[in-house]
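Structure incoming, see below.
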Amino acid sequence: MADKYNHREPVHGHPRRDEESTALQSEELKRQKRIKMYKYIVIFIVVQLIVLPVFGLTVMKVKTPKFRLGNIKVQNLSSVPSTPSFEASFATQIRVKNTNWGPYKFDAGTVTFMYNGVTVGQVVVPKSKAKMRSTKKIDVTVSLNSYGLPSSSNLGTELKSGVLTLSSKGKLTGKVVLMLMMKKRKSATMDCTMTFDLSTKTLKTLQCK
């Protein structure tokens, strides 16, 4: 009977120690999460410090578009050295090359063709847009003549040599649009020199600055 009354229930584990261990594990997990978060913040800041300057030097840097003449296909070329006089017509392309990371919207302009600084013809460039990092090509037909040249010009001497040298100048004004909101005004200028062979009635050279 004594054994019956002296019997005790067994003790199972240590509840307080288990709770402390769980709390420590929870704190450790939180600490690791905070460390990861700080690492991500540092990485983000470093990336921004690298990306922003590169972005500013490339994407956000606005370059002046190039304004040039394309290939010239002579349709008519006649000259009279004794007069002296000439008439010419040819098909060409007005090219506006935009290397920016945004479109270049330009107003209408004029390209003037000259002989020794005197106007011999003009062509109108319509209002248009050169898309981001692309070239806008506008087909035009140019008609030129020497009627407005002074009699003192050396045209006769040049025509007798079998060549005709002309120049073209023009200016386009417009804006480069970046990020759909930033606008930077830019003016594109043309300065080209062309030489025609009168015997073959073809273009000999074309150089644009």
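Mind counting the residues in the stretch 79-91 that are touching a Ser or Thr at 6+ places or on another chain (Cβ under 8 Å) and part of a strand (DSSP E or B)?
8
For the stretch 161-209, enumerate the residues that are farther than 17 Å from Gly121 by Cα, among the basic types (Lys, Arg) and under 21 Å from the mean Cα position of the chain (by Cα).
Scanning the stretch 161-209 gives Lys175, Lys183, Lys184, Arg185, Lys186, Lys209.
Give me a count of the residues in the stretch 85-103 that are at pLDDT 95 or above, more than 16 Å from Thr141 (Cβ to Cβ) and open to solvent by 10 Å² or more (accessible area, probe 1.4 Å).
4
Hey, another quick one. Limited to the stretch 92-103, what total is found for residues that are assigned to a strand (DSSP E or B) and touching a residue at least 40 places away in the same chain (Cβ under 8 Å)?
Residues flagged as assigned to a strand (DSSP E or B) and touching a residue at least 40 places away in the same chain (Cβ under 8 Å) within the stretch 92-103 amount to 6.
Follow-up. Which condition number does Lys175 fail, the rest of (1) within 22 Å of Thr92 (Cα to Cα); (2) in contact with a Lys or Arg (Cβ under 6 Å, 6 or more places away or on another chain); (3) not aromatic (Phe, Trp, Tyr) being met?
(1)
The values are calculated or read from the model by the stated rules, or taken from the named source; none is laboratory data. Since the structure is predicted, the reported quantities are computational estimates derived from the model, not experimental observations. Here Cβ is always computed from backbone atoms with ideal geometry, including for glycine, and neighbour counts include all displayed protein chains. Surface accessibility is based on the protein's heavy atoms, side chains included, excluding ligands, DNA and RNA. Shrake-Rupley method; radii C 1.70, N 1.55, O 1.52, S 1.80 Å.
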